[in-house]
Amino acid sequence: GAVVSQHPSRVICKSGTSVKIECRSLDFQATTMFWYRQFPKQSLMLMATSNEGSKATYEQGVEKDKFLINHASLTLSTLTVTSAHPEDSSFYICSAQEGSPYNEQFFGPGTRLTVL
Amino acid sequence: DAKTTQPNSMESNEEEPVHLPCNHSTISGTDYIHWYRQLPSQGPEYVIHGLTSNVNNRMASLAIAEDRKSSTLILHRATLRDAAVYYCILRGSRNAGNMLTFGGGTRLMVKP
């Protein structure tokens, strides 16, 4: 099946710093990528949807100026958590989809962010 | 969006079949039933999906009720590696087709 990678797998940073997370589709072209956040013992919550070359569409309650998403190529999307605070500590997961919106989504392994 | 209801948790013995239920009484005619699972500290993994007919693949089987208001994911022989949270998700034209809305899922525990 299709492979999606994320880097880094885990990151620890100080409060107030910015962190960039990369999501790559390794063997297919991802016209759409999704970013999810998952707090402990909770389900995944969609943060934003991004299409290559377009601005991301953010879900209600997600600050676009805090969570910067760039989908500059068909194989790479980045999520930058700006001025991170301890409440941003979470498991961030991306998924990627090729072509039709009804095609399967393939998920990355996730990035564990801890903000001290 | 059409919602799904799943038990919070289920237990199974290793090597035995597991039937994971999902209720979706407000499903629309164009909604596909998708199942994903999430192993601890990993991203979700696609398991199976179907529309009306029962489906089989190498991972599992999906049995869909005739009225489509419920479905059951069947793992034929549970292994310890099947311990995960299983999500039943409806996906169709009402949510633009490509969105996956994750509910609480069912945490499956497999006992040796």
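Read-outs throughout are calculated quantities, based only on the coordinates presented, and are distinct from any laboratory measurement. Given the structure is predicted, the values throughout are model-derived calculations rather than measurements. As a convention, Cβ positions derive from the backbone with ideal geometry for all residues, glycine included, and neighbour counts pool all protein chains shown.
Using only side-chain charges placed at the Cβ, +1 for Lys and Arg and -1 for Asp and Glu, the dipole size of the stretch A:1-81 relative to its Cα centre rounds to 320 debye. Ranking B:C88, B:S53, B:Q38 by how far each Cα lies toward the positive end of the dipole of the stretch B:35-112 (charges on Cβ) leaves B:Q38 at the top.
Modelled spin labels at A:L74 and B:T79, positioned 7 Å past Cα toward Cβ, are 3.5 nm from each other.
Residues with beta-carbon under 11 Å from that of A:C94, excluding A:C94: net charge, scoring Lys, Arg +1 and Asp, Glu -1? Each step should come with its number before you reach the end.
Working: positive: A:R24, A:R37; negative: A:E22.
Cβ neighbours under 11 Å give a net charge of +1.
Highest-first packing order for the peptide set B:6-15, A:103-112, B:77-86 is A:103-112, B:77-86, B:6-15, based on the mean count of other beta carbon atoms within 10 Å. Using θ = phi - 60° in the Karplus curve 6.51 cos²θ - 1.76 cosθ + 1.60, the 3J(HN,Hα) couplings for the stretch B:37-46 round to 9, 10, 6, x, 6, 10, x, x, 10, 5 Hz; x is entered for Gly and Pro. Taking every Cα-Cα distance in chain A and sorting them into 10 Å bins from zero, the calculated P(r) comes out as 15, 49, 30, 5, 0 percent. Could you count how many Lys pairs in the protein assembly as shown have their Cα atoms under 17 Å apart, skipping same-chain pairs fewer than 8 positions apart? So the count works out to 6. Counting only other chain Cβ atoms within 10 Å of each residue's Cβ, the peptide A:105-112 averages 4.
So for A:C13, B:C88, fewest C-beta neighbours within 10 Å to most, what's the order?
Details: A:C13 16, B:C88 26.
Result, fewest neighbours first: A:C13, B:C88.
Our summary of shape: the Cα atoms of the protein assembly as shown have principal axis extents of 51, 39, 32 Å, ordered from largest down, in whole angstrom.
Using a 4.7 Å Cβ-Cβ cutoff, the cysteines of chain A lacking any partner cysteine are A:C13.
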